[in-house]
1. Would you tally the residues in the range 100-133 being near the ligand (Cβ under 9 Å from one of its atoms), in contact (Cβ under 8 Å) with a residue 40 or more places away in the chain and within 17 Å of Gly63 (Cβ to Cβ)?
2. Just to check your reading of the model, which residue among Lys168, Lys191 is modelled with pLDDT of 95 or more, in contact with a strand residue (DSSP E or B) (Cβ under 6 Å, 6 or more places away or on another chain), of a type in the set (Lys, Arg) and over 17 Å from Leu88 (Cα atoms)?
3. Conditions first: (1) among the acidic types (Asp, Glu); (2) free of Cβ contacts under 8 Å to residues at least 60 places away in the same chain; (3) within 16 Å of the ligand (Cβ to nearest atom). Glu22 passes all but one, so which condition is the exception?
4. When residues of the range 53-78 are filtered for being of a type outside the set (Val, Ile, Thr), at pLDDT 95 or above and within 26 Å of Phe162 (Cβ to Cβ), how many remain?
5. Is it the case that some residue within the range 146-165 is surrounded by fewer than 11 Cβ atoms within 10 Å (Cβ to Cβ), among the aromatic types (Phe, Trp, Tyr) and at pLDDT 95 or above?
6. Considering Lys130, Lys191, which residue is in a helix (DSSP H, G or I) and over 15 Å from the mean Cα position of the chain (by Cα)?
7. Check whether at least one residue in the range 170-179 is under 18 Å from the mean Cα position of the chain (by Cα), within 25 Å of Asp46 (Cβ to Cβ) and basic (Lys, Arg), and report yes or no.
8. Does the range 143-159 include one or more residues that are part of a loop (DSSP other than H, G, I, E, B), small (Gly, Ala, Ser) and within 13 Å of Met71 (Cβ to Cβ)?
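The values are calculated or read from the model by the stated rules, or taken from the named source; none is laboratory data. Everything numeric here is computed off the predicted structure, so don't read it as measured data. Here Cβ is always computed from backbone atoms with ideal geometry, including for glycine, and neighbour counts include all displayed protein chains.
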Amino acid sequence: MDITIRLENDQDYFKVEELTREAFWNLYIPGCDEHYLCHILRDHNDFIRELDYVAEIDGNIVGSIMYTKSMLIGDDQENVEIVSFGPLCVHPDYQRMGIGTALIEKTKKIVQGRNIPGIIIYGDPHNYCKHGFKNGIDYNVSNMDGEFPLGLLVLETLPGFFGNRNWKIKQSDAYNFDNSKVVEFDKKFKKKEKKVKYSQELFKMQVRAYLKKFS
Ligand SMILES: CC(C)(COP(=O)(O)OP(=O)(O)OC[C@H]1O[C@@H](n2cnc3c(N)ncnc32)[C@H](O)[C@@H]1OP(=O)(O)O)[C@@H](O)C(=O)NCCC(=O)NCCS
């Protein structure tokens, strides 16, 4: 099976949104909103076109990764631009074949080549620790409230960069989109049933979980 990892182009937009909807549907909430996020992200100032990749098999798009600029704020108020990805997804029929890994590895190399010191995301640790991500607490990287959410994950792409300083991460406001627009947007796609699933309960626990420093 040959997988091609290539930049997204404008012919791909709707296909990527369909794929994203298939991958996230009913996983974290009944339905999903990540396909709407893809749709609006591409026009946002923080969107990074050079890191907008798709995975293709036999001419079909089966995976997608999108990046935005984020700001890392040091305890001396120094601002450092870093990057975040999301949505990242692989079509359910093609998961567990290494496609997600290929998308992360391809884009990680580009990030390293551009001397960007880190990739910081909110995600399920299960998906990312195997790629070298650690919780923010291990690099003293907190959210803007000084907390260490379980899902705040850091990959140091410039070894030693985070050092002994304290950092806060300010993600792009692209992720604070208006959810009320999703219902209307979803009408562009084939009808799918919203369901309650236990994965949504796990997700609700994860987003309320925080790590604590012991002195
Ligand atoms: C998360 C996601 C992007 C991962 O993509 P993927 O292509 O399945 O990822 P990979 O195949 O590289 O790795 C997944 C697992 O398959 C395993 N795997 C990879 N290649 C394999 C192969 N050839 N045979 C068997 N297993 C394989 C990996 O070791 C990994 O195992 P683990 O979960 O036990 O650690 C995908 O599952 C997805 O789209 N999920 C829904 C959307 C989502 O949650 N996105 C992330 C938001 S945080």
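1. Going through the range 100-133 one residue at a time, the tally reaches 3.
2. Lys168
3. Among (1) among the acidic types (Asp, Glu); (2) free of Cβ contacts under 8 Å to residues at least 60 places away in the same chain; (3) within 16 Å of the ligand (Cβ to nearest atom), the lone unmet condition for Glu22 is (2).
4. 8
5. No, the conditions are met nowhere in the range 146-165.
6. Sole residue among the options that is in a helix (DSSP H, G or I) and over 15 Å from the mean Cα position of the chain (by Cα): Lys130.
7. Among the residues of the range 170-179, at least one is under 18 Å from the mean Cα position of the chain (by Cα), within 25 Å of Asp46 (Cβ to Cβ) and basic (Lys, Arg), which makes the answer yes.
8. Within the range 143-159, none of the residues are part of a loop (DSSP other than H, G, I, E, B), small (Gly, Ala, Ser) and within 13 Å of Met71 (Cβ to Cβ).
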